Ligand code: SF4
Ligand code: SF4
């Protein structure tokens, strides 16, 4: 690697967030890259994310190693000095491939990060075993950056219970030993979850990764999360800068508007320039899966070029247009909470409805739902409609909750481990009067279009809700809950 200037040379400041223009010098420069100061380090403003490496046969676990190594080589040559992997990426194979790829470079010439897989709660209590294995897989003696991965509602109690699981204390011990250089966290959870986490560990967190892009800035509380991190002077690492590729292609009218502001600028550049406009952002991680896409990303980082205020406003407007029609206008006023006989967290359900509805799936909402006791999940909603009477936004809450339940059911099932998860869902649905396992599956019920209430045929139990005293015939609540709006007189 002769000719490549070392990236970790000292800069005369310890200010964590100072952006430093740093010229990449190589005998064969492919591009310039600008660097952000992080203490005494210089981190390439764009990091190589190894969560979407090229694969063979469409199999996520089967990384196309040759192509992945080629990507790493070109990224390194272009000045990227930060590489990010994780225990779970590519079914555990990302760490192995990244270990092989980076082994060919001097260890001090790049920064490597990986993560404790707290998204799977069965990993709590195994931090030592996992950490040792990670070092082995990555063929390294230390990690420059190490994350407590994916702090969410599902695992926050375990992360906080250090007396029992020793996750945090073990990792701090590794830091003292120099096997972790910097410790931080990533968070997909709510603001409240992030606050709880930082109340306990905030003083020890040296960086925090959030999902940030101009769409999530308002849509998924990213702006508030920036505020929380800023108040603690924690530098921001960004995940999903392009929202899983959604921001790489914008609606035609949006593009026309942007063209008027900066002719010839592509959607990807707009997305990255937006992030470059936020001074706390120190590292932007982008999953690299294809050479031309990667080079296009890299080119945007030849300079830091924050956007003008009117440009940011335009992007926000476009983002709003992209989500409108797919989301509900819940303002999280919480008026509905006191009216729910099941004490369900309706504002959170609405937020997750928006997330799932817009993305068409994903794991974030499924993880949230799994974190709830069964009687607090969307499936526990009985469709009574009390919440809707007080919702100032006029949201048809029970319908949306039902849709959220249907949209997340598959992922919840898969993440719960097949039948085990399905049984849990079944028992949630069939608790109380709904105990008939022989009934058709719920998705079928939604599709069959029969709509109206299915009259009881002697196998079910009597309706105990307000409709029954009003003289409606007995009926099966499962069907009724799904279609209650179409049952004349039912409330
Ligand atoms: S419709 Fe569902 S969410 Fe609304 S008050 Fe009734 S049980 Fe609660
Ligand atoms: S009352 Fe409506 S707007 Fe307010 S939190 Fe509940 S669902 Fe959201």
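The values are calculated or read from the model by the stated rules, or taken from the named source; none is laboratory data. The shown structure was predicted, so the numbers you read here are calculated from the model rather than taken from an experiment. Note that each Cβ is placed from the backbone with ideal geometry, even for glycine, and that neighbours are counted across all protein chains shown.
Out of everything in the stretch 287-332 that is assigned to a loop (DSSP other than H, G, I, E, B) and touching a strand residue (DSSP E or B) at 6+ places or on another chain (Cβ under 7 Å), what residue ends up being farthest from residue 357 (Cα to Cα)?
304
What pairs come up if the first residue lies in the stretch 219-245 and is within 12 Å of residue 187 (Cα to Cα), the second is in a loop (DSSP other than H, G, I, E, B), and their beta carbons are under 6 Å apart, counting only those six or more places apart or on different chains?
Partner pairs satisfying both residue conditions: 222/212; 236/280; 237/207; 238/212.
Can you pull out every residue in the stretch 338-361 that is more than 16 Å from ligand 2 (Cβ to nearest atom) and in contact (Cβ under 8 Å) with a residue 60 or more places away in the chain?
The answer is 358, 359.
Suppose the filter is more than 14 Å from ligand 2 (Cβ to nearest atom), at pLDDT below 90, over 30 Å from residue 117 (Cβ atoms) and assigned to a helix (DSSP H, G or I); does residue 367 pass it?
no
Residue check: is residue 335 out of contact with any strand residue (DSSP E or B) (no Cβ under 9 Å at 6 or more places or on another chain), at pLDDT below 85 and within 16 Å of ligand 2 (Cβ to nearest atom)?
Against the criterion (out of contact with any strand residue (DSSP E or B) (no Cβ under 9 Å at 6 or more places or on another chain), at pLDDT below 85 and within 16 Å of ligand 2 (Cβ to nearest atom)), residue 335 qualifies.
Of the residues 275, 229, which is touching a strand residue (DSSP E or B) at 6+ places or on another chain (Cβ under 6 Å), in a helix (DSSP H, G or I) and within 21 Å of residue 156 (Cβ to Cβ)?
After applying the criteria, what remains is 229.
From the list 364, 395, 346, exactly one residue is closer than 30 Å to residue 240 by Cβ, surrounded by fewer than 22 Cβ atoms within 10 Å (Cβ to Cβ) and within 13 Å of ligand 1 (Cβ to nearest atom). Which is it?
395
Please pick out the residue among 240, 153, 224 that is in the same structural domain as residue 44 (by TED's automatic domain parsing), under 22 Å from residue 351 (Cβ atoms) and touching a strand residue (DSSP E or B) at 6+ places or on another chain (Cβ under 9 Å).
From the options 240, 153, 224, the qualifying one is 240.
Does residue 379 fit the bill of being closer than 21 Å to residue 360 by Cβ, more than 20 Å from the chain's Cα centre (by Cα), within 15 Å of ligand 1 (Cβ to nearest atom) and surrounded by 18 or more Cβ atoms within 10 Å (Cβ to Cβ)?
It is true that residue 379 is closer than 21 Å to residue 360 by Cβ, more than 20 Å from the chain's Cα centre (by Cα), within 15 Å of ligand 1 (Cβ to nearest atom) and surrounded by 18 or more Cβ atoms within 10 Å (Cβ to Cβ).
Restricting to the stretch 283-339, and then to whatever is under 23 Å from residue 218 (Cβ atoms) and within 16 Å of ligand 1 (Cβ to nearest atom), can you tell me which residue is surrounded by the most Cβ atoms within 10 Å (Cβ to Cβ)?
Only one residue tops the list, namely 336.
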